[in-house]
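One structure below.
What follows draws every value from the coordinates through simple rules; no lab data is involved. Remember, predicted model here, so these are calculated numbers, not experimental data. Every residue, glycine as well, gets a Cβ built from its backbone with ideal geometry; the counts of neighbours run over all protein chains shown.
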C-alpha cells in the first residue's frame, strides 16, 4: 500500500491514509495467523506450529513498523513488546487447550486480560483523548475473545462454528485497525478515511485479504484430507458471496451474477488442484492449472469491461496469474511439510492482494465508490463493536 505496487511494505513519506490501510490489513492478518497457530497447537502439529509462530513474528514486526511510521519511534518501542507478549499468551492458551491443562489455560487467560488492559491504555494514550480507555478496552477484549472462542470450539471439532468465529475475528480486527487509525491520527489526517475512494479500497482490501486467508486454509485442509475441509470450503464460499455482493453494489445484479460464476469457478479449480496434490495426481493438477489460466483471462476481460477499460485486462490477468501461482505453490510446500515456506508464500500472497485492490479501486473511481455502503466500525461489523463471546 505504501509501495508502488500497493503491497504492505512501507515507504518514506507515506500518506497517513495509506498507513491506515496497512494498519487494518496487518491487524486482520494477525487474527488469521494467530488462529492458525492456535489450531496447529491444538492438532499437535509441532512443525506447523513453529512455522506459524514465525509468521506471526513477521507480522508483529510489520505492525510495529507501521505504528512507528504513524505515531513515532517511542510509540513503536512501547507497542512491540506489548503485542508480542499478547501473542505469547495466545500460544500458551492453545497449549493448555491442546493438553487439557486447565491451569495453563487459566493462567494464559489471566495474563491476556492484563495485556488487554495495557494495550488498550497504550492506544487511548496515543490518541491524545480522541479514543476513550473504555472503547479501547472493549475493542482489544473482543479481539482476544474471538481468538479464544474459535480455539475452544475448534478443539471440540465443531468446525463450522469455529470457522464462523474465525471470520468474525478477521472482520472485527480489520475494522479495529480502521477505528484505531481514525482515532489516533490527528483530525486533519484522519478526514481522508471517510472519503468514498478510501472506503472502497479499504473494503476491497478486507474482502480480498479474507479470500486469501480462507483459500489458504481450505486448500491446506484439502491437501491433507483434514476433517475441517468442508467447513473451510464453506467459509471460502461465503467470502465469494460477499465479494459478489460488493460487485452488485458497484455494477448491478447482472454483473454480480457474472462475477460470482467466474470467481466460484476460480475457487473450484484451486480446490481441484489441491485434490490433485492430495491424490498425487499430476494430470488433475495440470488440468486445474490450465483452467485457472482460462479463468484469469476471462475475469480480467470482465473487469476491463466493467471499468470501461480503466484497468487493462493484460495487467489484471498478470495479477491473477501471480495470485494463483502463489496459492498453488504454498499448497505444494504445505503438502511437502515445508511449513515455513508455505507460511512465507501465504504471507506474500495476502500482501499481494492489496496491489490488486488498489488497481481496482482506482479504476472504479469515486462515482462508483460513493455507492458503497458504510461498513466496519460504523455499523458494528468491526473496530470498536462490542465483544462477541465471553470468557
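Using only Cα coordinates, the Kirkwood hydrodynamic radius of the stretch 16-192 works out to 16.3 Å.
At 0.36 nm per residue, and after removing the present C-alpha to C-alpha distance, how many nm does the segment from residue 310 to residue 188 gain when stretched out fully?
Gain in length upon complete extension: 40.9 nm.
Compactness ratio for the chain: Cα radius of gyration over 2.2 N^0.38 Å (N = residue count) comes to 0.95.
For the pair the stretch 189-236 / the stretch 121-168, the C-alpha centres are spaced 17 Å from each other. Shape summary: the stretch 200-369 maps onto an equivalent ellipsoid whose semi-axes, from the alpha-carbon gyration tensor, are 27, 15, 15 Å in decreasing order.
For the peptides 210-216, 335-341, 263-269, the ranking by packing is 210-216, 263-269, 335-341, with the highest mean count of neighbouring Cβ atoms within 10 Å listed first.
The equivalent ellipsoid of the stretch 253-303 has semi-axes of 25, 11, 5 Å, largest first, where each one is the square root of 5 times an eigenvalue of the Cα gyration tensor.
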